[in-house]
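Worksheet: one structure, shown below.
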Amino acid sequence: MLINLSELFTCEGKRKVYTVSFELASIKFSGDVYTILKAEPFELEIANIGGKKFTMSGQLPVTVEAPCARCLEPVSFVCELTFDRELALGKGEEQEEGLDEEPYLSGYSLDVDQLVCNELLLSLPMRVLCSEDCKGICNRCGTNLNHETCTCDTRSLDPRMSVIQEIFNQFKEV
Ligand SMILES: [Zn+2]
Ligand SMILES: [Zn+2]
């Protein structure tokens, strides 16, 4: 969703509240797909504080779902995003010094999806786990060890045993 902020540009001191929504269904981050389960429309207040500077404020809780890094079960969690910062609008016409180039701003339009996406990427956990002591899945039989136990020997196998294991595996695959 794009919002056009040009009406604020000419009026110093003017502030406006925009009701906006984040419309992406999922985002990708370091090879994982994070599904957006819930992101309600939210309010973004933007004010012209003079000197070609603008402030933005707003917040949005986003419910995200991603697979547990150990057992691959879907885990949902909430990221509380805040959008409190200073902006320089109208770039491209006149270059402002000292403020970073924001990828979600282009001229007077603000791309809400891009804004939320950036913020979300910064607040995602390094690793999603269903619980700190998730036991993961057995790397031999694929059993989810949080729910069941398996009889696989997870110790390193005796070389003589591994031959038998090999034969056994081939037999299973047929
Ligand atoms: Zn897990
Ligand atoms: Zn197993």
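The values are calculated or read from the model by the stated rules, or taken from the named source; none is laboratory data. Computed from a predicted structure; not experimentally measured. Heads up, the Cβs are rebuilt from the backbone with ideal geometry, glycines too, and the neighbour counts pull from every protein chain shown. Calculation scope for accessible area: heavy atoms of the full protein, side chains included, ligands and nucleic acids excluded. Shrake-Rupley method; radii C 1.70, N 1.55, O 1.52, S 1.80 Å.
Quick notes on this structure:
- Förster radius 45 Å - calculated FRET efficiency between Glu23 and Thr151 (Cβ-Cβ, nearest 0.05): 0.40
- Cα-projected label distance for Ser123 with Arg140, points at 7 Å along beta-carbon direction, nm: 4.4
- Accessible area in the full protein assembly, largest first, 1.4 Å probe, for Tyr108, Tyr34: Tyr108, Tyr34
- Element breakdown for the range 1-137 at a 1.4 angstrom probe: carbon and sulfur atoms account for 48% of the accessible area.
- Where labels lie 7 Å past Cα in the beta-carbon direction, separation of Asp32 and Glu132 in nm: 1.8
- When you work out D = kT/(6 pi eta Rh) for the range 1-82 at 20 °C and 1.002 mPa s, using the Kirkwood radius from C-alpha pairs as Rh and the Stokes-Einstein form, the result is 144 µm²/s.
- Using 0.36 nm per residue and subtracting the Cα-Cα separation, the extra length available between Ala69 and Ile3 on full extension is 20.1 nm.
- Where N is the number of residues in the range 1-146, Cα Rg divided by 2.2 N^0.38 Å: 1.33
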